[in-house]
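Input: a single structure, listed below in structure tokens.
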Amino acid sequence: MITKVFISFHRVLGTLLSILFVMWFLSGMVMMYHTYPSIDRQQELANSEAIGEGSMPDIGAVSVLHDGRIADITLERKAGQNIMRIGTDDGELAVDAASGNTISRLDSSSLHTIASAWSKAHPVLKDTLNEIDVWLIGAMPFNEYPVYHYTFDDGKGTELYLSSRTGRALQLTDSESRMWAWLGAIPHWIYITKLRATGRQPWTDTVLWLSGIGIVMTLTGIVVGIRSTVMARRRKKITPYAKSLFRWHHVFGLCFGLFVLTWIFSGFMSLADAPQAIWRTHTQRSAKDICSDSISLDKFTLDYKKIVAGGDIKRLSFTEIGGMPFYHVWTADDEYLVAADDTTARKTTLTADDCRKIVSHTHSGKADISVELMNTYDNYYVSQKRPLPLPVYKVSVSDADRSTYYINPTNGNASYYNTNKRAGKWMYTGLHALNTPYFAEHQHLRRAILWVLLVGGTIVSATGLVMGAKYLNRLRRRMMR
């Protein structure tokens with residue numbers, strides 16, 4: 001009786017989901033080489049204007065621009081205008097650094113000037129968007145409307161999306177990146193515009209339900225496959241099925257069923273947290289916690305205008321890391337910190353003592369802290385997409401969550417792991433992309449293994465798809481009798 005239930009579950013769910021599994025495996029092959037297009041920080045800075053040396057407020061006068069709590073301040077230049085973006089309790093306030101006047105939106109002329117920096121070709125306004133489209137899904141532009149959509153006659157089909165609120169480039173695509181996205185990331189991630197029209201949750205729920213049902217389908221298939229193998233071995237056969245399609249599905253299911261299970265499970269875990277019942281989080285923390293949620297401008301004794309005058313600065317932020325004031329500085333090809341309480345404008349490199357102080361400040365000095373300078377990757381500070389910067393400080397905290405911070409000594413950027421996040425890392429990127437230090441150093445081996453697994457998973461799913469189609473055809477004939 002139980003066996004018949006498992007067979008029925010696997011047949012029905014397989015009929016419904018096999019086409020989705022085939023799509024996931026085939027698009028996964030594409031995504032080993034091409035993913036969803038996006039603008040990285042370096043690309044954005046390369047096409048940004050350098051901050052001008054025009055009139056800007058002194059540090060003491062900055063607080064006059066906003067009399068409430070200031071979380072952070074960022075200075076940048078858009079369309080020939082120095083703009084200060086002040087993070088407040090009510091959101092971000094943008095002001096003209098020269099006049100102090102509030103800027104709510106950039107006009108079309110300014111946005112056209114910004115767009116011109118992204119290509120040698122002339123930008124043409126294609127559309128003004130007040131709702132999401134498929135290329136804006138990753139940017140989550142809900143506070144950026146209207147979004148200005150430009151095209152460039154450069155022979156590459158380049159298209160650019162700009163926020164009218166900040167002038168920030170939200171997306172840049174060309175004909176090639178769009179083609180690969182349609183073959184890879186868009187179907188793989190089920191990037192359906194309607195699901196993301198109002199936010200992330202409807203899409204998240206849909207993917208979790210589909211992958212969750214897929215887990216049940218795969219588990220029942222493994223049980224049925226093992227049972228069929230046991231039956232066949234009693235008759236000294238490899239498989240009990242006579243029909244070639246069933247035999248292929250059974251044999252490849254035995255070989256790759258566990259991989260199919262881990263693949264769909266890790267896809268589920270890309271949007272879910274590790275179970276709190278097993279890996280409990282005692283205190284909610286993130287890497288952002290090392291930065292204060294408000295800054296005290298009286299700590300910034302070094303005049304930021306000295307930094308701006310000293311080079312081709314694309315962006316400058318006021319921030320407090322572990323209670324210490326810093327200017328976070330970006331140029332076209334560099335990112336670094338400047339101590340804001342120093343007497344001279346010079347790059348600052350965080351020391352082990354600085355990192356200990358930063359994390360101690362975050363944890364209120366209540367835990368033992370150890371600091372290690374890492375020159376190689378470990379299981380949690382590693383990426384298959386692009387090499388992460390080294391060296392990095394690994395700061396371990398002896399709290400209930402076994403908190404660990406990885407802090408870049410050059411720019412203060414950090415990542416955070418606790419017991420729950422470490423488990424989640426293995427359940428998602430560890431299983432889904434073989435994201436380990438070994439495979440990061442042996443990319444050809446990693447891709448070869450993934451190719452074998454993805455081809456095997458595709459065959460299992462494709463044979464299941466054909467079997468499901470034939471099953472539906474049989475049902476249709478019965479209904480027509």
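The values are calculated or read from the model by the stated rules, or taken from the named source; none is laboratory data. All of these numbers come straight from a predicted model, not from anything done at the bench. No Cβ is skipped: glycine too gets one built from the backbone with ideal geometry, and neighbour counts run over all protein chains shown. Surface areas here come from the heavy atoms of the whole protein model, side chains and all, with no ligands, DNA or RNA. Shrake-Rupley method; radii C 1.70, N 1.55, O 1.52, S 1.80 Å.
Points worth noting:
- Of all the listed residues (Tyr380, Tyr416, Tyr405, Tyr393), the sole one being closer than 17 Å to Val359 by Cβ and part of a loop (DSSP other than H, G, I, E, B) is Tyr380.
- Filter result for the condition that a residue is open to solvent by 100 Å² or more (accessible area, probe 1.4 Å), over 16 Å from Thr3 (Cβ atoms) and within 43 Å of the chain's Cα centre (by Cα), over Leu245, Leu254, Leu258: Leu258
- Here is the figure for the range 76-96: residues that are part of a loop (DSSP other than H, G, I, E, B) and exposed (fewer than 14 other Cβ atoms within 10 Å of the Cβ) total 3.
- Looking across the range 427-440, just one residue is in contact (Cβ under 8 Å) with a residue 40 or more places away in the chain and surrounded by fewer than 17 Cβ atoms within 10 Å (Cβ to Cβ), and that is Pro437.
- Considering the range 441-478, the residues that are small (Gly, Ala, Ser) and surrounded by 19 or more Cβ atoms within 10 Å (Cβ to Cβ) include one that is nearest to Gln384 (Cα to Cα), namely Gly457.
- Check on Asp289, acidic (Asp, Glu) and open to solvent by 70 Å² or more (accessible area, probe 1.4 Å): no
- The set of residues in the range 175-204 that are open to solvent by 50 Å² or more (accessible area, probe 1.4 Å) and modelled with pLDDT of 95 or more comprises Ser175, Glu176, Met179, Trp180, Trp182, Leu183, Trp189.
- The residues of the range 97-144 that are open to solvent by less than 40 Å² (accessible area, probe 1.4 Å), under 18 Å from Ile39 (Cβ atoms) and not in a loop (DSSP other than H, G, I, E, B), listed by number, are Leu111, Ile114, Ala115, Pro123, Leu129, Ile137, Ala139.
- Number of residues in the range 268-286 that are open to solvent by less than 20 Å² (accessible area, probe 1.4 Å) and not hydrophobic (A, V, I, L, M, F, W, C): the value is 0.
- Here the range 292-332 is the region considered, the condition is being β-branched (Val, Ile, Thr) and not in a strand (DSSP E or B), and the residue that is most open to solvent (accessible area, probe 1.4 Å) is Thr301.
- Residues in the range 394-412 that are open to solvent by 30 Å² or more (accessible area, probe 1.4 Å) and in contact (Cβ under 8 Å) with a residue 24 or more places away in the chain: Ser396, Ser398, Asp399, Ala400, Thr410.
- Hits in the range 85-130 - residues which are hydrophobic (A, V, I, L, M, F, W, C) and modelled with pLDDT under 90: Ile86, Leu93, Ala94, Val95, Ala97, Ala98, Ile103
- The range 353-375, subset among the polar types (S, T, N, Q) and either more than 26 Å from the chain's Cα centre (by Cα) or more than 17 Å from Thr410 (Cβ to Cβ) (or both), residue surrounded by the fewest Cβ atoms within 10 Å (Cβ to Cβ): Ser364
- Condition met for Arg227 (open to solvent by 60 Å² or more (accessible area, probe 1.4 Å), in a helix (DSSP H, G or I) and either among the basic types (Lys, Arg) or closer than 29 Å to Phe6 by Cα (or both)): yes
- Count - residues of the range 1-27 that are surrounded by fewer than 17 Cβ atoms within 10 Å (Cβ to Cβ) and basic (Lys, Arg): 1
- Here Val62, Val30 are screened, and the one residue that is open to solvent by less than 40 Å² (accessible area, probe 1.4 Å) and touching a Gly at 6+ places or on another chain (Cβ under 7 Å) is Val30.
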